[in-house]
Amino acid sequence: MKRLFFLATALAFLAVGCSETGNSTESSDPPATPAPPNIILLIGDGMGLSQVSAAYYYGEKEPSFSRFQHIGLMNTSPSDKKITDSAAGATAFACGIKSYNGAIAVDTAKQAVPTILEELAEAGWRTGVVATSSITHATPASFYAHVEKRSLAEEIAVQMVDSPVDFFAGGGRQFFAKRTDGRNLLPELEAKGFQVDTNAIPAALEGNASRYGFLLADDGLMPMPAGRGDFLSQATNRALEHLSAGDSPYFLMVEGSQIDWGGHANNADYLIQELLDFDQVVGEVLDFAEADGNTLVIVTADHETGGFTLAAEEKKADDGDLYDDYGTIEPTFSTGGHSTTLIPVFAKGPGSDLFLGVYENTKIYDLMKEVSGQ
């Protein structure tokens with residue numbers, strides 16, 4: 001009888017346990033799907049490894065590049081050459097394809113290819129582009145326009161009007177308001193919901209516009225050595241202020257355009273000041289992303305410009321012989337154009353470990369799509 005009693009008690013206990021477990025399973029909510037991370041892509045145009053290294057020798061503080069743990073290397077060659085220009089380089093990032101030099105988001109057959117900005121906007125993301133060049137220049141244009149030649153700045157400006165961009169800031173006012181065809185695109189932008197400013201970046205966004213556009217120079221912005229100031233920082237922070245308002249994820253591309261121009265000019269002071277300005281903005285973006293907790297930051301370049309080298313300064317000894325002073329750096333250049341050196345890729349935040357390794361520049365697009373879940 002005792003055995004039967006204990007057996008009946010055990011079976012009753014198991015029945016109650018199974019019943020409670022079943023009820024618990026039925027009443028529990030399914031696990032929530034993680035929100036896709038915001039993506040901020042910072043492009044230092046013309047910024048190779050020596051340009052990055054300059055931040056360690058000419059800056060007054062620890063460079064922002066030191067805050068990254070996930071770092072890769074990237075080959076930048078276009079479809080038909082060994083050395084890329086900014087258009088083909090940015091098209092690789094924006095569209096995930098190799099195309100020809102001069103191509104703005106078109107393939108080798110000159111057919112338009114959707115960009116990551118357009119695809120994410122269609123999926124409900126907010127989007128923005130910021131540059132110290134004209135906003136119609138090769139790199140920013142490759143994220144929202146489609147033309148067969150990068151020189152078609154007026155056509156690129158027309159495409160901004162109908163683009164899904166929610167925030168833009170840069171130069172290029174002449175391509176919108178001082179056009180050869182007499183057309184003024186500024187009222188057309190306003191009709192599309194843009195609040196347009198051609199004077200300055202405010203300390204905080206004014207009004208309650210759904211979209212903002214800043215065109216602060218006829219073409220490129222003033223160089224840093226000439227007194228541009230903190231435009232890139234202010235524009236980036238206003239972009240983040242606008243895009244992060246609300247519940248939608250966002251994609252922002254920020255270009256330090258004139259690192260490249262300093263390299264083309266073989267002007268080390270120009271290049272270094274632009275590089276340090278870019279590094280400052282990288283640090284501010286990292287601060288913002290870390291506070292947010294769900295933002296992927298990617299920092300890279302479309303190519304290297306100038307064959308820039310941080311070489312030892314050559315000096316003359318008392319006996320007249322020349323020697324390299326390893327205690328002094330003299331920046332040098334090997335070309336006025338681009339080089340084909342591998343380019344560093346820095347990543348921090350959700351999915352940043354995917355950016356390790358050595359790969360083609362088109363993989364930046366692939367990985368952004370993967371992280372976005374689109």
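The values are calculated or read from the model by the stated rules, or taken from the named source; none is laboratory data. Just so you know, these numbers come straight off a predicted model, no measurement behind them. In this analysis, Cβ positions are derived from the backbone assuming ideal geometry, glycine residues included, and neighbour counts consider all displayed protein chains. Calculation scope for accessible area: heavy atoms of the full protein, side chains included, ligands and nucleic acids excluded. Shrake-Rupley method; radii C 1.70, N 1.55, O 1.52, S 1.80 Å.
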Inset, instruction - Scan region 78-107 for residues that are open to solvent by 20 Å² or more (accessible area, probe 1.4 Å) and over 20 Å from Gly262 (Cα atoms) and report the count. - result: 10
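Could you run through region 113-122 and say how many residues are out of contact with any Cys (no Cβ under 9 Å at 6 or more places or on another chain) and either aliphatic (A, V, I, L, M) or surrounded by fewer than 17 Cβ atoms within 10 Å (Cβ to Cβ) (or both)?
Residues that pass the stated criteria total 4.
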Legend entry - Residue match in region 322-339 (condition: assigned to a strand (DSSP E or B), in contact with a helix residue (DSSP H, G or I) (Cβ under 6 Å, 6 or more places away or on another chain) and under 30 Å from Pro36 (Cβ atoms)): no
Inset, instruction - Spot the failing condition for Gly229; the list is (1) in contact with a Pro (Cβ under 8 Å, 6 or more places away or on another chain); (2) closer than 25 Å to Glu206 by Cβ, and only one is missed. - result: (1)
Inset, instruction - Give me a count of the residues in region 340-374 that are open to solvent by 20 Å² or more (accessible area, probe 1.4 Å), part of a strand (DSSP E or B) and small (Gly, Ala, Ser). - result: 1
Inset, instruction - Can you run down the residue pairs with Cβ atoms below 8 Å, 6 or more apart or on separate chains, where the first is in region 260-280 and over 22 Å from Glu62 (Cβ atoms) and in contact (Cβ under 8 Å) with a residue 12 or more places away in the chain and the partner is assigned to a helix (DSSP H, G or I) and among the charged types (D, E, K, R)? - result: Trp261/Glu274; Gly262/Asp269; Gly262/Glu274
Inset, instruction - Consider Phe251 carefully, then state whether it is surrounded by 15 or more Cβ atoms within 10 Å (Cβ to Cβ) and out of contact with any Asp or Glu (no Cβ under 8 Å at 6 or more places or on another chain). - result: yes
Inset, instruction - Can you run down the residue pairs with Cβ atoms below 7 Å, 6 or more apart or on separate chains, where the first is in region 223-250 and closer than 16 Å to Phe278 by Cα and the partner is in a loop (DSSP other than H, G, I, E, B) and open to solvent by 40 Å² or more (accessible area, probe 1.4 Å)? - result: Arg228/Met222
Inset, instruction - Would you confirm whether any residue within region 214-222 is touching a Phe, Trp or Tyr at 6+ places or on another chain (Cβ under 9 Å) and over 30 Å from Ile259 (Cβ atoms)? - result: no
Inset, instruction - Report whether or not Asp287 is open to solvent by 40 Å² or more (accessible area, probe 1.4 Å), assigned to a helix (DSSP H, G or I) and without any contact (Cβ under 8 Å) to a residue 12 or more places away in the chain. - result: yes
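Within the bounds of region 255-272, is there any residue that is part of a helix (DSSP H, G or I) and within 11 Å of the chain's Cα centre (by Cα)?
No, that holds for no residue.
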Inset, instruction - Hey, could you check region 176-207 for residues that are small (Gly, Ala, Ser) and part of a loop (DSSP other than H, G, I, E, B) and say which is nearest to Gly128 (Cα to Cα)? - result: Gly193
